[in-house]
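A short write-up of the structure that comes next.
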Amino acid sequence: MSIELKTLTKSYKKNLALDRVSLTIEKGTICGLLGRNGAGKTTLVNLVGNRDFPTFGEVLLDGVNVRENDKALKKIYCMGADDLIPVNMKIKEVVSSMRYFYKSADLNYAEKLCKDFRLDMTKRLSQLSTGYRTIAKVIFAMASGADYIFLDEPTLGLDANHRELLYRLILERFEETEAAFVISTHLIDECAGLFERCFILREGTLIADEDSETLRSSAFVVDGKTEQVLLFTSGMEVISRSELGTLSSACVKGKPGNVPAGLEISKPSLQQLLIAMTADEKRG
Amino acid sequence: MGFNSPVFNDTEPLYIQIAQWLEDKIVTGQLRADEQVPSTTELSQSLKINPATVRKGVSILVDKGLVYKKRGMGMYVTENAVANVRDDRREKFFDDFIVPLLAEARRLGITSEDIIEMLKGGSGK
Amino acid sequence: MNDFIGFALKSRTGLIRFVLMMCGVFGGIFFFYLIMLIALVLDGSIGKVDIPFMGSGGIILSGVCFASSADRLIRMGVNCGVSRKTILKGLAAAVPVYAAVSAAMTALAELIAELVYQLFGLKLLGFGHELAEYFLWEIKDNWRMRVYGCCAVFMLTLFALAAGLMFVGGKMHSRRRGITAAAVTVFGYWVFSVNLDYDGWLYDLLERSAVATNPEYFAWQFDNLPSLFFTQCELLALTLVGVYLLYGIFAVMLRNAPIRGRETG
């Protein structure tokens, strides 16, 4: 039971938004879809949700192409920052509209969530603040009962308390339904614990598709005097290096092995690793 | 307000940190022998960590014999869990505390005699 | 049958909202009439000026209201993973229903307005005038005109809804395209219906071919039918063809549209 992206490619007139991305999302996992702004995360989610069509490649659900396929699409819900849901609709109206399409849409659950977040269901989406609009969209996604739920920036505008509540609810729902959650977020350190697997996109290309723990232990950080660092890391795969005066800090792939005196070794957080892996070329 | 969750660092794998966190609770007596340990679900939702990771951490405790599963009821702390953790940590005491202490002392030019002085209660200058 | 049809016809977002909007439209037009009447009374031209806006206003505004409904329905549909194919099939079935409901409301509104006016000895002289006369006073004769009248409202409404769909389809690509598509549609129809020299060529064709096959029977039939009737039938048939064509264009626009909630261009 999985969604498979096969060499998924999307190009617009000016740029290549996704370049032959291939990955598999298993049901019953929580995955992180990470990358910088414009890396292609939203494009990927749009292609999975039949909102836009790939230039090349396909999205398969249990082996069946998802494109224009109502049966497959019923198992998928994509939530995003875009205004696809008409903003003048009331929350109540959106929730009751969903049951025409998602047979397992749980209206009671939606009501419970609205109460948990103190969201007034009679309000229109246009009347809500950014944070509450995000909350509303996440609630629609969670209540849809879909097997694969894509949340694109579900933390946008949410205060710290609401974020805590959101993570707890995702885990709760995950436990209940065994749905797959694919979450794109920029608050990586906060969410790192949630992800069993991470996909990292960089300028449309998939640069990492790993188990979270493997990813985190796949690199180390070495700090010290620049010459020493350069000497130590020569022959190693340096992901990125930055300088501070005569000192350097390099993020390197692999294990440190024997470390000479004068150099400090540490393990990067997932966020630091991501920053290093998706850094601009110029800074090196 | 959510449970006061620890800040997990980046040095060790998350599941190992969860195991250690639970061990701390056992050694400090917050979780006593034959007391129930929070379920995977409860741990996952309070700590905001993927249940698969939590399960991995708890299974370490099961393997070490610190925790056992009562059919249909949940996970409980074993009789000699505290003793086991203490022994375990005693063995690791040298590597976990003494080695870094000696390394730092070396860096600062503090001799072994100075350290012994400090242990006796003086300032070891 | 099709989830989208159910959504379009049964949900609060669909037909119900459309009907409420149309009630608002007619309420607005009645209010407009009130003002017009006061102005005409003050001007002294009451009884001399005809104000047939209810019918045409209702038809035109039904297109606008439908554009609003269709936009909502389509976007909600796409958000919930409905394929473009299903949306097109669903709309194809829903549009005639909306048109029938809207046309019925328009005809009824016109009739009521006309009756109210005639009570004061005034005339709206819109479509409702004919309806009022034929329904209330000349039930037996001219049934064809009555049928034509109802068909005409339905067809024109269908056309207005199709124009509304053209706007929505274009808007999916860009706002500019939407307005252009709708404007071109309406302009095209105006050119066609107003400027075309209507000489009933279809009627002639039918007569010639029918008489050729069975002279005695058909000759008598055709002698007794008013040619005006056929001319009107042609117009209705051509409108129907036009609507199908428009729907086809809309279908093409929808199939290729990236609907992401962010408009391009």
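No value in this document is a laboratory result; all are computed from the given coordinates. Keep in mind the model is a prediction, meaning the values are calculated, not measured. Glycine also receives a Cβ, built like all others from the backbone with ideal geometry; neighbour counts cover every protein chain displayed.
About its Cα centre, the dipole of segment C:1-126 is roughly 620 debye, where the only charges are +1 on Lys and Arg Cβ and -1 on Asp and Glu Cβ.
In this structure, the residue pairs whose Cα-Cα separation is over 23 Å, taken from A:Lys75/C:Lys85; A:Lys90/C:Lys10; A:Lys137/C:Lys85; A:Lys14/A:Lys41; A:Lys71/C:Lys171; A:Lys13/C:Lys171, are A:Lys137/C:Lys85; A:Lys71/C:Lys171. Dividing the convex hull volume of the alpha-carbon atoms in chain A by its residue count gives 151 Å³ per residue. Taking the Cα centroid of segment A:226-284 and of segment A:1-72, what is the distance between the two, rounded to the nearest whole Å? Taking the Cα centre of each part, segment A:226-284 and segment A:1-72 sit 33 Å apart. Within a straight-line Cα-Cα reach of under 28 Å, B:Lys25 can be paired with the following lysines, leaving aside sequence neighbours fewer than 8 residues apart in one chain: A:Lys267, B:Lys48, B:Lys56, B:Lys64, B:Lys69, B:Lys70, B:Lys92. Rounded to the nearest 20, the Cβ-based charge dipole of the protein assembly as shown about its Cα centre (Lys and Arg +1, Asp and Glu -1) stands at 220 debye. Dipole magnitude for segment B:14-80: computed about the Cα centre from +1 point charges on Lys and Arg Cβ and -1 point charges on Asp and Glu Cβ, it is near 240 debye. With Cα atoms as the point set, the radius of gyration and Dmax of segment B:14-80 evaluate to 10.9, 30 Å. The loop-placed GluC sites (Glu not before Pro) in segment A:125-180, going by DSSP, that have at most 14 neighbouring Cβ atoms within 10 Å of their Cβ come out as A:Glu178.
Cα-based values for the protein assembly as shown, radius of gyration first and Dmax second, are 36.0, 134 Å. Working note: Karplus 6.51/-1.76/1.60 with θ = phi - 60° gives segment A:74-86 the couplings 5, 9, 10, 10, 10, 10, x, 7, 5, 9, 5, 6, x Hz, where Gly and Pro are set to x. Under 5 Å between amide hydrogens, built in the peptide plane, is the criterion, and for A:Ile183 it picks out A:Cys31, A:Gly32, A:Leu33, A:Leu151 among residues at least 5 positions away or on other chains.
Convex hull of alpha carbon positions in segment A:1-117: directionally averaged projected area 8.8 nm². Once you have all Cα-Cα distances for segment A:218-266, histogram them in 5 Å bins from zero and send the whole-percent values. Calculated P(r), rounded to whole percents: 5, 24, 41, 24, 6, 1.
Positive-end ranking of A:Val238, A:Gly224, A:Gly262 along the dipole of segment A:218-266, with charges on Cβ about the Cα centre, is headed by A:Val238. Checking every one of the trypsin sites (Lys or Arg not before Pro) in segment A:221-284 against DSSP loop status and a limit of 15 other Cβ atoms within 10 Å picks out no site at all.
Within segment C:1-48, the trypsin sites (Lys or Arg not before Pro) that combine a DSSP coil assignment with at most 15 other C-beta atoms in a 10 angstrom radius are C:Arg12, C:Lys48.
Computed from Cα positions, the angle between helix B:51-63 and the longest principal axis of chain B comes to roughly 70 degrees.
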